[in-house]
1. I need 34, 48 ordered by Cβ neighbour count within 10 Å, fewest first.
2. What is the list of residues in segment 30-60 whose amide nitrogen lies under 19 Å from a point 7 angstrom out from the Cα of residue 85, following Cα to Cβ?
3. Quote the relative contact order of segment 29-120 in percent (integer), defining contacts as alpha-carbon pairs under 8 Å separated by 6+ residues.
4. Determine, for each peptide in 59-71, 79-91, the mean count of other beta carbons within 10 angstrom over its residues, then list the peptides with the highest first.
5. Where q = 0.10 Å⁻¹, what log10 of I(q)/I(0) comes from the Debye formula for segment 29-120, counting one point per Cα?
């Protein structure tokens, strides 16, 4: 009788443990997906605020020519063809304000094409 009660207790405990999420699941952050539209000669949105340590998927969509976005300080660089979409995954590892510039020459206003990232704690 004691053996059956012990086996039943162990079985119930196992079922409960399988039903609970693991510590790894609790600690994982799903990436924040941010869509940015590139067009001659701007990014929309023009400013984005991120949290340090939070994974990000930056989706770059071109509505006209080939474009790119590069944040040197964050080691982020993605290029997209005309009328196409590309994405890059990264996790900001420092706080501050960072300016990304179009990394593919797209015409006379190319030099003014910038996106500001504000990374906060």
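1. Least to most surrounded, the residues fall as 34, 48.
2. Answer for segment 30-60: 31-40, 43-46, 56-60.
3. Numbers: 241 pairs, mean separation 30.7, N = 92.
So the answer I get is 33 percent.
4. Descending packing order for the listed peptides: 59-71, 79-91.
5. One equal scatterer on each Cα of segment 29-120 leads to -0.22.
Values in this text are rule-based calculations from the coordinates and carry no lab data. Everything numeric in this text was worked out from a predicted model, so none of it was measured. In this analysis, Cβ positions are derived from the backbone assuming ideal geometry, glycine residues included, and neighbour counts consider all displayed protein chains.
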